[in-house]
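Colleague: Below: one structure in structure tokens.
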Amino acid sequence: MFRIRRIHDDLLPVNAAAIAQVQAQLRVQFPGLRAGQIDALPDQLRDPMAYKFRTVVFVAEQGHKVRGFAVIMHAPDLKFCFLEFISTAPGEGGRGVGGALYERLQEECREIDAIGLFFECLPDDPGKVADPANLADNRARMRFYERLGARPIVGTAYDTPLTPEDSDVPYLVFDDLGRGKPLRRDAARAIVRAILERKYDWLCPPEYIDRVVASFVDDPVRLRPPRYTRTATERKASPPLPADLRIPLVYNDQHQIHHVRERGYVEAPVRIPAILRELERLETFTVIEPKTFPKSHILAVHDPEFVGYLQRVCADLPEGRSVYPYVFPIRNATRPPADLATRAGYYCIDTFTPLHRNAWPAARRAVDCAMTAATHVLSGSRIAYALVRPPGHHAERRVFGGFCYLNSAAVAANFLAAQGKVAILDVDYHHGNGQQDIFYERADVLTVSLHGHPRFAYPYFSGFEDERGAGPGEGFNRNFALPEQLDGPGYAVHLEKAIAEVRTFRPRFLVVCLGLDPGKGDPTGTWTLGSPDFERNGKMIGALGLPTLVVQEGGYLTRSLGSHARSFFRGLWEGIHRRRLRPGE
């Protein structure tokens, strides 16, 4: 089995390794390429405008081995795509890799609303092939493309040799992507001129280009009748979203064991299914089972004594009993009480976050979910979602509170930071004091939080705008303390400023602490955002174009949680992929 995914850049190690394999295969499979053309591939991904096309690379992988690849050049101004390369690794021919890659290219072209996919193919007519030994390979190649819906354009001078001694001049092949729409003459002329001037400016003189363009006289352009198949391949009515465009969704399958039944405790198990039901209406998610990770990842961001205490006290509490902190160490903080239950206040910032037997395993599983989602981001997913409870963004290095025990987002961010700078954007109604405390003296992780002003909103004693970081981290913590009454458009103004902070930081990864409690009517908030506002916010964040890990935090009005989450992810997906989901998704 293999998976097909798009390579957006060479910044992630997994992408750099894949591109290196593609370049190695290009050198073997296409020995006649110009010097430097292969080496330029990473630059083409990073700076498309410098190369006159937007380069799109797909790889077919099994594990870390690239079994095949395809490169297309997208011209947004003329709305067409040109297939530059498609190839399987040596020994992989006939195993379905090439066909799967080509079908993924077709879907990509349809998604970006291209007129069609153009490419060159060596001639399959005997009189145009210098060496008859190559004719069989050329015919097999053309049969492959024709079966998938592409045919040569006929009645033009595109295959005219540049010099009399030239032979084996390729045909220009057109794939209408299953739409059945004819290619109009004027569009074809503009596209052919762009291909020859942008791709072959070093080879084709202007008079040759003018002559070839003028030879397109048929309107619509004529395609060669099918030669190897009876009918052209028809596009399926509603093809599924390709796997590499889907969002890995990792949800805490043990969240329900953490159930505090006291009246008024809003962080309830029903939150997870309320969100899942609505996300099922989108085609964009693939459910992934969480993996188990070593506790060392937790200890990298949380104080070992705090972690040990949390684990021990939860294990010692009898089933059904909850312990609420009720005394706090404003005096003699260095001498915690011996009784573990009494010591809860030593590690907590409020009186309403209880400890009970299942708090530790549920929080530990939430961390595993966030870490699992983070590994998918490292493996090339543009978005991954950890749908977890209990939440985590109020858990600081050595304290819990605000329904939070372990800071899942901070653990995952610290893990990602080993591969490059990370920005944490907290869009919960309440201040993300946990990640602020954990990363306050670090310059490799930017923490940005939009929240209700601490003069009226939990956690009250942090989240002020003059808290900017300390030591090496000075300037890398930004708080946007917002007014008590705020609607969606007003929120968007502040969100754009927060996004500008992220953009200036230029991180390699983005971690979004997703709170849905800015929604209208949430029992813990005062703002009035609706589903269209969450969709707009998601699109604004997605426009950053960063590999993005989303970790669920707050949001407690269960009748609207799901619709708000669905709207946010619809916007995030469209923002990061710069395309629209099909109607009804």
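Colleague: Do any residues in the stretch 153-168 that are more than 15 Å from L203 (Cα to Cα) have Cβ atoms under 7 Å from those of residues that are at pLDDT below 85 and small (G, A, S), where the two are at least six apart or on different chains, and which pairs are they?
Modeller: So the pair list comes out as S167/A130; D168/A130.
Colleague: Quick one: Q21 ticks every box in (1) assigned to a helix (DSSP H, G or I); (2) over 29 Å from F509 (Cβ atoms) bar one, so which box is it?
Modeller: With (1) assigned to a helix (DSSP H, G or I); (2) over 29 Å from F509 (Cβ atoms) applied to Q21, the lone miss is (2).
Colleague: Scan the stretch 158-178 for residues that are under 30 Å from E108 (Cβ atoms) and surrounded by fewer than 16 Cβ atoms within 10 Å (Cβ to Cβ) and jot them down.
Modeller: D168, V169, P170, listed by residue number.
Colleague: If a residue must be buried (at least 21 other Cβ atoms within 10 Å of the Cβ), under 25 Å from D186 (Cα atoms) and of a type in the set (A, V, I, L, M, F, W, C), how many such residues does the stretch 83-119 contain?
Modeller: Going through the stretch 83-119 one residue at a time, the tally reaches 8.
Colleague: Inspect the stretch 450-467 for any residue being touching a Ser or Thr at 6+ places or on another chain (Cβ under 7 Å), aliphatic (A, V, I, L, M) and in the same structural domain as R566 (by TED's automatic domain parsing) and give the result as yes or no.
Modeller: Scanning the stretch 450-467 turns up no residue that is touching a Ser or Thr at 6+ places or on another chain (Cβ under 7 Å), aliphatic (A, V, I, L, M) and in the same structural domain as R566 (by TED's automatic domain parsing).
Colleague: Scan the stretch 556-567 and tell me whether some residue there is assigned by TED's automatic domain parsing to the domain that holds A384, free of Cβ contacts under 8 Å to residues at least 60 places away in the same chain, closer than 30 Å to D113 by Cβ and under 18 Å from the mean Cα position of the chain (by Cα).
Modeller: yes
Colleague: Considering only the stretch 464-481, how many residues are crowded, with 19+ Cβ neighbours inside 10 Å and touching a Gly at 6+ places or on another chain (Cβ under 8 Å)?
Modeller: 5
Colleague: Next question. Quick one: which strands (runs of 3 or more DSSP E) lie wholly within the stretch 147-258 and hold at least 1 residues that are in the same structural domain as T548 (by TED's automatic domain parsing) and out of contact with any Ser or Thr (no Cβ under 7 Å at 6 or more places or on another chain)?
Modeller: 247-251
Colleague: Name every residue in the stretch 1-17 that is out of contact with any Phe, Trp or Tyr (no Cβ under 8 Å at 6 or more places or on another chain) and either assigned to a helix (DSSP H, G or I) or aliphatic (A, V, I, L, M) (or both), in order of residue number.
Modeller: Residues satisfying the conditions are M1, L11, L12, P13, V14, N15, A16, A17.
Colleague: Could you tell me whether any residue of the stretch 123-141 is out of contact with any Ser or Thr (no Cβ under 8 Å at 6 or more places or on another chain), of a type in the set (A, V, I, L, M, F, W, C) and either assigned to a strand (DSSP E or B) or buried (at least 20 other Cβ atoms within 10 Å of the Cβ) (or both)?
Modeller: No.
Colleague: Further, regarding this structure: Given the structure, is A417 farther than 25 Å from R312 by Cα, hydrophobic (A, V, I, L, M, F, W, C) and surrounded by fewer than 24 Cβ atoms within 10 Å (Cβ to Cβ)?
Modeller: Taking the combined requirement at face value, the residue satisfies it.
Colleague: Filter the stretch 526-568 down to residues that are surrounded by 24 or more Cβ atoms within 10 Å (Cβ to Cβ), β-branched (V, I, T) and assigned to a helix (DSSP H, G or I), then give me how many there are.
Modeller: Residues meeting the conditions: 1.
Colleague: Next up: Taking the condition of being at pLDDT below 95, in a loop (DSSP other than H, G, I, E, B) and surrounded by 14 or more Cβ atoms within 10 Å (Cβ to Cβ), how many residues in the stretch 289-321 meet it?
Modeller: 1
Colleague: Let me ask something else. Go through (1) outside any strand (DSSP E or B); (2) crowded, with 22+ Cβ neighbours inside 10 Å; (3) among the small types (G, A, S) and name the single condition G380 misses.
Modeller: (2)
Colleague: Then there's this: Do the conditions hold for T286, that is, is it outside any helix (DSSP H, G or I), in contact with an Asp or Glu (Cβ under 9 Å, 6 or more places away or on another chain) and hydroxyl-bearing (S, T, Y)?
Modeller: Here the answer is no, as T286 does not meet what is asked.
Colleague: Any idea how many residues of the stretch 427-463 are buried (at least 19 other Cβ atoms within 10 Å of the Cβ) and touching a Leu at 6+ places or on another chain (Cβ under 7 Å)?
Modeller: 5
The values are calculated or read from the model by the stated rules, or taken from the named source; none is laboratory data. Note that this is a predicted model, so its numbers are computed, not measured. Because the Cβ atoms are built from the backbone with ideal geometry, glycine has one as well, and the counts that use them run over all protein chains shown.
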